[in-house]
Amino acid sequence: MRRKRVSLAIVSAILATLGLTASADQGGRRGGGPGAPVGPPMAVAIPAFADGTVIPDKYTANSSSPVSPEINWTNAPPGTQSLVLHMRDPDVTRNRTVEDQLHWLVWNIPPAAKGLPENVAKGPELPDGSRQTSASGPVYRAPGAPATAPMHHYTFEVFALDITLDVANGEDPFEVRKAVLSAMNGHVLGKGAYVGLFHRTQ
């Protein structure tokens, strides 16, 4: 026991010279600053389908009236001031650029929110003050990859930020996305992601 205490003291002294700290219960946990532990990573869940599986028709272009799925998240880090949902199709390139297809962007979601309900209403601003857009306008854009294509990987990303974003909605959703992503840069505290597969049946 004495040798273990001496060894820990030596390690602590070495780390101190490097501007770091050590504790007996580090357990591999990492923090934003020296010696600051963090909680579990953010996680995203969509009850309607398992991560990495096919999205039900109700939420896709196979339906005549598709709706957005319920989306939940957990473990937003301490200090979160707002959340951003970014749904995109990385299997599409837009106009021969590096941009992929924008299916849904919701920003300035209140930090206490634990998710979005099914069938979020259309409109540039939601009742909780968050804002939304997509390539189809201020509304959820359902997955619509053609039947002749392989399954596309529709990716739902949720970001926790240490600020709220001073980004207004606008006419061009892709320019809005650029502004939102630029404003997020340097302010991301955590992120979770979830993937659904889809292509049309005919």
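The values are calculated or read from the model by the stated rules, or taken from the named source; none is laboratory data. Since we're looking at a predicted model, the values are computed, not measured. FYI the Cβ positions are ideal-geometry reconstructions off the backbone, even for glycines, and counts take in every protein chain you see.
Applying the set (1) under 15 Å from the mean Cα position of the chain (by Cα); (2) part of a strand (DSSP E or B) to Leu197 leaves exactly one unmet item: (1). Taking first residues from the stretch 101-114 that are within 17 Å of Ala45 (Cβ to Cβ) and partners that are among the basic types (Lys, Arg) and not in a loop (DSSP other than H, G, I, E, B), the Cβ contacts under 9 Å between residues at least 6 apart in sequence or on separate chains come to Trp104/Arg88; Val106/Arg131.
Within the stretch 161-194, being of a type in the set (A, V, I, L, M, F, W, C), in contact with an Asp or Glu (Cβ under 6 Å, 6 or more places away or on another chain) and buried (at least 16 other Cβ atoms within 10 Å of the Cβ) holds for one residue alone: Leu189. Pairs meeting the criteria (first residue in the stretch 178-195 and among the β-branched types (Val, Ile, Thr), second residue surrounded by fewer than 17 Cβ atoms within 10 Å (Cβ to Cβ) and in a strand (DSSP E or B), beta carbons under 8 Å, at least 6 apart or on different chains) are Val195/His153. Looking only at the stretch 95-136, residues that are closer than 14 Å to Phe156 by Cα and hydrophobic (A, V, I, L, M, F, W, C) come to 6 in all.
Residues in the stretch 104-113: is at least one surrounded by 11 or more Cβ atoms within 10 Å (Cβ to Cβ), outside the structural domain of Pro127 (by TED's automatic domain parsing) and either at pLDDT 95 or above or basic (Lys, Arg) (or both)?
The answer is no, given that none of the residues of the stretch 104-113 is surrounded by 11 or more Cβ atoms within 10 Å (Cβ to Cβ), outside the structural domain of Pro127 (by TED's automatic domain parsing) and either at pLDDT 95 or above or basic (Lys, Arg) (or both).
Name the single residue, out of those in the stretch 36-67 being under 16 Å from the mean Cα position of the chain (by Cα) and touching a residue at least 60 places away in the same chain (Cβ under 8 Å), that is farthest from Ile163 (Cα to Cα). Of everything passing the filter in the stretch 36-67, Gly52 is farthest from Ile163 (Cα to Cα). Could you tell me whether the stretch 33-46 includes any residue that is under 26 Å from Ser182 (Cα atoms), at pLDDT below 95, of a type in the set (Gly, Ala, Ser) and surrounded by fewer than 17 Cβ atoms within 10 Å (Cβ to Cβ)? Yes, because at least one residue in the stretch 33-46 is under 26 Å from Ser182 (Cα atoms), at pLDDT below 95, of a type in the set (Gly, Ala, Ser) and surrounded by fewer than 17 Cβ atoms within 10 Å (Cβ to Cβ). Exactly one residue among Asp89, Asp128, Asp166 is modelled with pLDDT of 95 or more and closer than 24 Å to Phe49 by Cβ, and that residue is Asp89. Counting residues in the stretch 175-188 that are assigned to a loop (DSSP other than H, G, I, E, B) and touching a Leu at 6+ places or on another chain (Cβ under 9 Å) gives one or more. Would it be correct to say that Ala135 is under 13 Å from Asp89 (Cβ atoms), under 19 Å from the mean Cα position of the chain (by Cα), surrounded by fewer than 21 Cβ atoms within 10 Å (Cβ to Cβ) and assigned by TED's automatic domain parsing to the domain that holds Asn62? Spelling it out, Ala135 is indeed under 13 Å from Asp89 (Cβ atoms), under 19 Å from the mean Cα position of the chain (by Cα), surrounded by fewer than 21 Cβ atoms within 10 Å (Cβ to Cβ) and assigned by TED's automatic domain parsing to the domain that holds Asn62.
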